[in-house]
Amino acid sequence: MNKKTEELFAKAKAENRSLLIGYVTAGFPNKTKTSEIIAAMIAGGVDLIEVGIPYSDPVMDGPVIQQTSEAAIENGFKVADVFEIVSASKVPTYVMSYWNPIEKYGYRNFARDLSSAGGVGVITPDLTVEESTDWRVATDEFNIDRTFVVAPSSSDDRLENVTQNCSGFIYAASLMGVTGARSALSNEAKNLVSRIRKISNLPVAVGLGVSNRDQASEISQFADGVIVGSAFLKLLIEGKGADAVEGLASDLASGVRKSPN
């Protein structure tokens, strides 16, 4: 595990809270604005940033992230631009990317350049463990955490195989389906985290659907991290700016800082 990731989760645990992880689409509304949004998230209390690389066929992403990805691509976003965004972040930062952009860039080059930019990890939602041998070698070489995504449908054998090849943290999808803010969360997330705890000591962060303080508080009772993406991006799509993003981050941060009942 990258030392920055380890220290961040350890600090949150010592403070009896979950980590708040905020997602933003790289290049949306543009590169400069992306960095401004990241700064607003951090000012509001986000602990770790997840920068998503826009992709034309985002199978895991819902309509909000799809819309921002399409806009970023139309604005001329290039994969290499993500490293500039990462380097400007003032907290530990992961990149979330489908495998195709990384493969086209060169997986070793990607790990190297992300490390040079100060990034600490990569989430690859569509890369299977069976096809990740070279990627695991590259991430180990450059001390980059690699996070795979597990879902409630994962069998016990599959769950063990995937989690044993993760580093940094494990991304637990709260339900089957695509990303997007939801008014209510599924009980599947708690059960999935419980299953992971039996086979791995890595921190577990839960994403997909978190949109408000109450949901963040609910997840913080059993997970080490709470991931929020579409709720932030929806504000930007609605024409709201950094102040609104900081306000939502502050509200969510108060949720993950609530002590367990």
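For the stretch 46-101, report the % of Cα-Cα distances exceeding 16 Å.
More than 16 Å apart: 44 percent of the Cα pairs in the stretch 46-101.
Anything in the chain that counts as a DSSP H helix reaching 30 Å or more along its axis (C-alpha) with Kyte-Doolittle mean of at least -0.5? List them, would you? Intermediate values should be presented prior to the final figure.
On the way: long enough: none.
TM-like helix candidates: nothing returned.
Based on Cβ point charges of +1 for Lys and Arg and -1 for Asp and Glu, what charge dipole magnitude is obtained for the chain about its Cα centre, in debye rounded to the nearest 20?
On the way: 25 positive and 32 negative charges, 128 e Å.
For the chain, the charge dipole is close to 620 debye.
Give me the count of lysine pairs in the stretch 3-256 whose alpha carbons sit under 24 angstrom apart, restricted to pairs 8 or more positions apart or on different chains.
Final tally of qualifying lysine pairs is 27.
Which one of Ser154, Phe77, Ile196 is farthest out on the positive end of the charge dipole of the chain, using unit charges on Cβ (Lys, Arg +1; Asp, Glu -1) and the Cα centre as origin?
Farthest towards the positive pole: Ile196.
Take Asp81, Asp61 and order them by how many other Cβ atoms sit within 10 Å, fewest up front. It would help to have the intermediate numbers written out before the result.
Values: Asp81 18, Asp61 24.
With the sparsest Cβ surroundings first, the list reads Asp81, Asp61.
Helix-only mean residue ellipticity at 222 nm, the chain, DSSP H runs n ≥ 4 weighted -39,500 (n - 2.57), per residue, nearest 500. What is it? Don't jump to the answer; show the numbers that get you there.
Numbers: 12 runs with 121 residues, N = 261.
Calculated at 222 nm, the ellipticity per residue is -13500 deg cm²/dmol.
Of Met96, Val59, Val46, whose Cα points farthest to the positive end of the dipole of the stretch 35-103 (charges on the beta-carbon: +1 Lys, Arg; -1 Asp, Glu; origin at the Cα centre)?
The one lying farthest along the dipole's positive direction is Val46.
Per q in 0.11, 0.13 1/Å, what log10 I(q)/I(0) does a Debye calculation on the alpha-carbon atoms of the stretch 3-256 return?
For the requested q values the scattering log ratios are -0.51, -0.73.
For a paramagnetic label modelled at 7 Å from the Cα of Glu36 toward its Cβ, which residues of the stretch 217-261 fall within the zone defined by backbone nitrogen distances under 18 Å?
Answer for the stretch 217-261: 232-249.
We did not get these values from a lab; they are worked out from the coordinates using the rules stated. Since the structure is predicted, the reported quantities are computational estimates derived from the model, not experimental observations. Here Cβ is always computed from backbone atoms with ideal geometry, including for glycine, and neighbour counts include all displayed protein chains.
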